[in-house]
Amino acid sequence: MPTLAAPHASLEAAAQLAGLTLTALEPGADFTGAPTTRAALTLPAAPGRQLTLELSESFDAANPRYAAELATFFAEAAQRLRTPCPEAMLTLHGIPLSFGGFAWPFHGSTSGADTFIVHGTVHLADGLHDGQPSPLHSKISASLTQTFATVVAALEQPFAEGFIYNAVRKTFDQGQLELVKSGNRQPVPVTTRFYSMKYNLFSFNDTTEAQRHDFLAAKVFWLSHVLGGGAPVWVADPRDAQYLNTTVEELGRSAAALAAEGLLLLGDGEDAPLGFAAPTDTLRTQEDRYRAQLAEALDFLKPTFNEEMRSGHANM
């Protein structure tokens with residue numbers, strides 16, 4: 001496939017600085033039919049893995065105001081491509097999810113609402129389907145309010161993917177999304193309740209040290225042991241730090257504590273660089289615990305029927 005041509009040469013340069021290869025894919029179209037530029041992000045050190053980048057064809061990647069955030073996006077993408085399942089993430093309640101099929105960029109709502117929308121699909125990633133996606137999934141319709149849109153540099157994937165994915169995870173935490181075999185798109189409202197205008201910070205989950213400890217152990221169990229064949233995963237992911245309302249440094253300390261307990265093997269070489277971890281045999285033996293935790297979390301997502309209403313005891 002040909003590489004991207006001007007005016008997107010600046011994208012190639014930014015990707016190369018992060019060690020990535022940017023390969024053009026067939027042109028796409030956004031929700032309104034306007035053309036988009038699509039490319040595969042790959043890492044030479046991790047053959048067989050890729051992430052997809054999709055931008056409005058009119059997006060000016062050479063604009064200096066976007067340079068810092070694009071550099072951060074590519075640097076983080078390079079780290080995720082070192083993990084065996086770069087699109088897999090874990091919720092705070094222990095549900096492993098695979099994100100895919102997000103149709104960037106945002107488009108204006110067609111229902112008359114004053115919002116911007118992005119569609120995507122999230123699959124359960126429980127490792128029980130011979131490498132195929134689980135039939136349990138959620139079709140997502142994430143809506144961004146006009147007020148929130150003002151804090152985003154551009155309504156494009158590199159500037160919004162992180163907080164959109166975290167908003168989806170948070171909505172699962174609240175039991176407001178269901179994993180089904182078929183169904184309509186489910187709403188994920190992304191409002192200023194996820195953002196502090198005063199401090200210019202995203203806010204999703206206030207977590208304790210114990211919660212972060214348990215989250216990282218579960219993440220390594222699912223993303224490395226179950227989904228990744230034991231390959232190291234990134235435990236110092238800034239996207240997780242944002243989701244857990246913490247810092248990368250704090251995640252590093254939690255990972256070190258887990259290593260001291262004999263649950264994680266921290267990386268310090270080319271195959272498992274700093275900030276990455278793999279499970280020990282001790283962690284691998286805890287499958288019954290994590291499967292039970294997942295079953296409980298999935299049960300929490302299922303709609304329940306008010307039995308008193310069935311008996312005609314509705315409070316009218």
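Hey, can you tell me all the residues within the stretch 182-194 that are at pLDDT 95 or above and more than 19 Å from Phe102 (Cβ to Cβ)?
none
Within the bounds of the stretch 178-192, is there any residue that is surrounded by fewer than 16 Cβ atoms within 10 Å (Cβ to Cβ), touching a helix residue (DSSP H, G or I) at 6+ places or on another chain (Cβ under 7 Å) and either of a type in the set (Phe, Trp, Tyr) or assigned to a helix (DSSP H, G or I) (or both)?
yes
Checking the structure you have, find out if any residue of the stretch 211-221 is modelled with pLDDT of 95 or more and farther than 23 Å from Pro84 by Cα.
yes
I need every pair where a residue in the stretch 53-80 that is within 14 Å of Ala13 (Cα to Cα) has its Cβ under 7 Å from the Cβ of a residue that is of a type in the set (S, T, N, Q) and surrounded by 18 or more Cβ atoms within 10 Å (Cβ to Cβ), sequence separation at least 6 or different chains.
These pairs meet every condition: Ala61/Ser10; Ala62/Ser10.
Being modelled with pLDDT under 95, of a type outside the set (Gly, Ala, Ser) and part of a helix (DSSP H, G or I), is that true of even one residue in the stretch 147-159?
Yes, the stretch 147-159 contains a residue that is modelled with pLDDT under 95, of a type outside the set (Gly, Ala, Ser) and part of a helix (DSSP H, G or I).
Please pick out the residue among Leu263, Leu227 that is within 23 Å of Phe172 (Cβ to Cβ) and touching a residue at least 40 places away in the same chain (Cβ under 8 Å).
Step by step, each of Leu263, Leu227 is checked, and only Leu227 is within 23 Å of Phe172 (Cβ to Cβ) and touching a residue at least 40 places away in the same chain (Cβ under 8 Å).
The values are calculated or read from the model by the stated rules, or taken from the named source; none is laboratory data. Nothing here was measured: the structure is a model prediction, and the numbers come from that model. Heads up, the Cβs are rebuilt from the backbone with ideal geometry, glycines too, and the neighbour counts pull from every protein chain shown.
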